[in-house]
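A short worksheet on the structure shown next.
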Amino acid sequence: MNTETAEQPVVDPARARVLVAPDRDAEFVDFVASAGPYLHRTAYLLTGDPHQAEELVQATFERTYRAWARARTGEPRAYARRILMNLRIDGWRKDRRSGVTDDGVVPLTPVPDHAEGVAVRDELGRALRALPPGQRRVVVMRHLLDLPEAQVAEELGISVGTVKSTNARGLARLRSLLSASAVDAVPAYRADAHDVLLTARAAVRRRRVARGAVAGVLAVVLGLLLVGPVHVPGVGPVVLPGSEWLRHVLGIDGRHGLSDLPFPEPADDAVCGGPLDPAARAVPVDDVSASWGDITITTVVRVTDAHVVAPCADVAVDHVVRTGDRVVADAATLGARGSVVGWSDSFRLFDGDRLTGPLTLRALAPDGGRLRTADVATTRQVAGRWPQAFGLVRQGDRAAWFATPNTQVTGTLPWALRTLDDDGSVVTVSDSTTLVSAEAGEPALSDDAVWWTTTSSVAGPVCGGVLHVAMRPDLTTPHPDQARRVCAIGSSPDGVVVASAAGEGPASGQGEGTVFLLLAGPAMDDARPLLSVDSGLLDLQPVTAVGYDAGRLAFASGGLLYVVDVEEGTGYQVRGVGEVDAIDVSAGTVAWSSPGGPARVLTGEDDALSLFTLPGDMVTVGVDGDRVAWTALDDAGGSLTVGRLRW
């Protein structure tokens, strides 16, 4: 077709129209003018008070204006009526019944007034106020708004049958209260549509400002909660975008485990009055020579010869801080930066034999004259209940513990083993659903792994443990059954030290003897033998606690403590220690705790050993290099003492 001769469409100018989208505010003003009297009449019949009705209508228009884009596409009047009804229902919920100031009997004869209409209107309002809220809503919507039963049921969220029965009861009550002319006596709606628009605009602006402020506060709170790595299951630690920026803007230290806790410089040794004379505080020893195969016991020390710790003579005390918590820290949790890790007081959370909330793992570090605390982890539910935490151990910036909701006997089913990594993430390593019918034993940490034991029963033999391990970074893939007949395990940077019963005798330490191994990984062929002791040398008593660091092995058995230098092949024996439940070894110093009693520290060289007691009830102690920290409990709460060994 030739485009030059093709017929072109012809537009009749007389019939042409230009469609212009109506102005939003102008359209709303028209709606207020047309729907205002209707909504005001509804509000008055619901409230019975002209002032309340005006406030209700204004609030309805403000909410309708906020959603005008949605309301205008359907039936705006029905949309606004639903808002009005919901606002009035909210008011009834706050005040379950509107007050009736008279005796409940509405006179049929109007009260004398300046105008008969005012009296009739007053009669109508008081009559409606005498109805229960449910009857009032149904009567107004059915007969004064002329809505069908189905629509009333839909808008009020009730069944059609309920609408019918409620309506019948409401009408019966009104017939006994109203005169015939009362229904028509409703005050006129005189609000200006443009004023309503201005008020609605102002309300929208206030709402936007308030929502912006709330959003800002929530953003800051969310940022504080998410600062630092967040552990995502199956992915691992994830640093969310903006966390570093938020930390920089707010000037805060993110939670990255224990590594960021400050510790003040220690006090000058000059405050202790000069150099120490080791001989003045040395403990008496007996020289012996008892052969344990490749090891020779050369020295015997008695706990009865120990002295009570003396400031400056034994320890240069940097800080002593008291706290109201009944539980301050566990043994052997002193870290390289001087912080001590402990659980929050669980006493306040008990309801009978159940905990009502989580416990908090806190790192405590003296800072000047006060105790600085940082919450580094919280317990998570086990089998749908809040657990008690036990067996807390620490290695560097990492910690591990067992959790069980059984608060009567720790270790019984169900349980979960969890670890706090040095990036601040908490990982569930294993639980009783994975190792079925296995009770929790004790955990231990090395630089590259988390280790733990399980037993067939918490009341079973002492040396009946089974050793398990999970290697970093994939801590959720454990290697079970690394060793059996385990008596005790201990943490060290180089690996886990394991004391296990040798031979085929009963798993109570009374077999052929006790074997001490240092394990760095799941391959048992790579285990390093530290010591093998015949059972007769230990008087057939099982090992209850063990510790190791840099070639020095310490273990407790039958009320005795042994400290062995596995490199030199020599050791010494400490008699009268009683029951020992925790041992910490660091740089030649050995510290141990006894259940419910004092703790003790043995330090120095073979020719000048010092043994001192940390007195008190439920004392726990930890050592790290030349630092020492101990906690004690009394009726006033707990105390934390941190200092430096002077030996």
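The values are calculated or read from the model by the stated rules, or taken from the named source; none is laboratory data. Every value quoted in this text rests on a predicted model; they were computed, and no experiment measured them. When the accessible area is computed, the model is the full protein with side chains, heavy atoms only, and any ligands, DNA or RNA have been set aside. Shrake-Rupley method; radii C 1.70, N 1.55, O 1.52, S 1.80 Å.
A few comments on the model shown:
- Karplus-derived 3J(HN,Hα), 6.51/-1.76/1.60, for each residue of the range 35-47, Hz, glycine and proline x: 8, x, x, 4, 5, 5, 4, 4, 4, 5, 5, 7, 9
- The residues of the range 527-647 expose, per residue, 34 Å² of accessible area to a 1.4 Å probe.
- Potential extension, SER34-THR296 segment - 0.36 nm per residue separation minus Cα distance: 83.7 nm
- Gained length - CYS312 relative to ASP581, 0.36 nm times residue gap less alpha-carbon distance: 94.0 nm
- Global geometry of the range 579-631, whether rounded, prolate or oblate, following the gyration tensor of its Cα atoms and the 1.5 cut on a/c: prolate
- Relative contact order computed over the range 515-647 (Cα-Cα under 8 Å; 6+ residues apart), in percent: 13
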